[in-house]
Amino acid sequence: MNIDVKKNGDFKKNEDSKNEDSKKNELEQYLLDPLSVIIKLAIISKKESGVKVSIDNNILYIQEIGIFQSIVRYYFNSSKNDLNYLYNPIDIACRFFLNKKKYDNIPIDHLFTCALRGLEIIKNTYKNYPLIIICINYYCNIIKNYMEKKNEDLFKKDAISEFYTDELIKKLNNYWSIDKIKLIIEMVEHIYNNDSKINSIKCLEVFMNDVDINTQTIISQN
């Protein structure tokens, strides 16, 4: 009888371990490159209200308005809850790329200003969902807090924060050389100053495809 109890106990431990591993693997799929999130929010700033986002395999996708949007969201099992996973990368991006001396000579603030506009577009998409509005307003306040150098501690760790280790953050951020950031800023400014913004946005989105692949590689090897 004691042997059976022991076996049952071991079985339960194994099941608990499997459940924990499964939960960890599921959460890790939602890890994102911090600056990529800011850039994609900047891209959204030039989209129309109704655009949505989804996360799949460490990539933040922008889902355009249209008859296929709901089909794509169903296929990827997307929901408005995906917006929750922007919390950590937004704060990390602000913390590492705003108010740093190494970026004093480039207008990186403009990129984050465009990201704020992108959040406003998403907020308008979900204007009938009060909790989503509160969430997005919080994200906006985090960005403004860093941009205005208020140094208020608005960020509180959540269940996924532990997966953004110092090592992973360093690897993701190191991809963004000064030259790459300058190029992104130039492309964003071109979008805002060019009448043919559709083609310009497509160029930036194509550039981000390569960044997404790099992000997946870094996270999978971490």
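Some points to look at:
- Partners of K24 within straight-line reach, counting lysines whose Cα lies under 17 Å from its Cα and excluding those fewer than 8 residues away in the same chain: K13, K157.
- As a rough footprinting exposure proxy, the listed residues V188, V211 were ranked by other beta carbons within 10 Å of their own, and the order from fewest upward is V211, V188.
- Long-range amide H partners of V53 with built H, under 5 Å: Q63
- Seen from all directions on average, region 64-153 presents a Cα convex hull projection of 7.0 nm².
- Summing charges over neighbours of R117, with a neighbour being any other residue whose Cβ is under 11 Å away from its Cβ, gives +2 when K and R count +1 and D and E count -1.
- Taking θ as phi - 60° and the Karplus parameters 6.51, -1.76 and 1.60, the scalar couplings of region 36-42 work out to 4, 4, 4, 5, 6, 5, 5 Hz in sequence order, x denoting glycine and proline.
- Which of T125, T217 has the fewest Cβ neighbours within 10 Å, and the rest in rising order: T217, T125
- The computed semi-axes √(5λ) of the Cα gyration tensor in Å for the structure shown corresponds, within [x] 30, 19, 17; [y] 34, 21, 17; [z] 25, 24, 15, to [y].
- Shape category assigned to region 72-112 from the gyration tensor of Cα positions, a/c cut at 1.5: prolate
- Angle in degrees between helix 108-125 and the longest Cα principal axis of the chain, rounded to the nearest 10: 70 degrees
- Computed helical MRE - 222 nm, the chain, DSSP H runs ≥ 4 contributing -39500 (n - 2.57), nearest 500: -21000 deg cm²/dmol
- Counting every other Cβ atom within 10 Å of each residue's Cβ, S79, S54 order from fewest to most as S79, S54.
- In the chain, the longest principal axis of the Cα atoms and the axis of helix 178-193 are about 60 degrees apart.
- Nearest 10 degrees, 0 to 90: helix 87-97 Cα axis against the chain principal axis: 50 degrees
- Overall form of region 113-210 per C-alpha gyration tensor (a/c, 1.5; a/b vs b/c): oblate
- Overall form of region 25-95 per C-alpha gyration tensor (a/c, 1.5; a/b vs b/c): oblate
- Seen from E64, the other residues with C-beta closer than 14 Å to its C-beta sum to a net charge of +4, counting Lys and Arg as +1 and Asp and Glu as -1.
- Here the Karplus relation 6.51 cos²θ - 1.76 cosθ + 1.60, evaluated at θ = phi - 60°, turns the backbone of region 151-166 into coupling constants of 6, 7, 8, 8, 8, 10, 4, 10, 5, 9, 4, 5, 7, 8, 6, 4 Hz, with x for every Gly and Pro.
Bear in mind these aren't lab numbers, they're just calculated from the coordinates by the rules spelled out. Here the structure is a predicted model, which is why all the values come from computation and not from measurement. We place every Cβ from the backbone using ideal geometry, glycine too, and count neighbours over all the protein chains shown.
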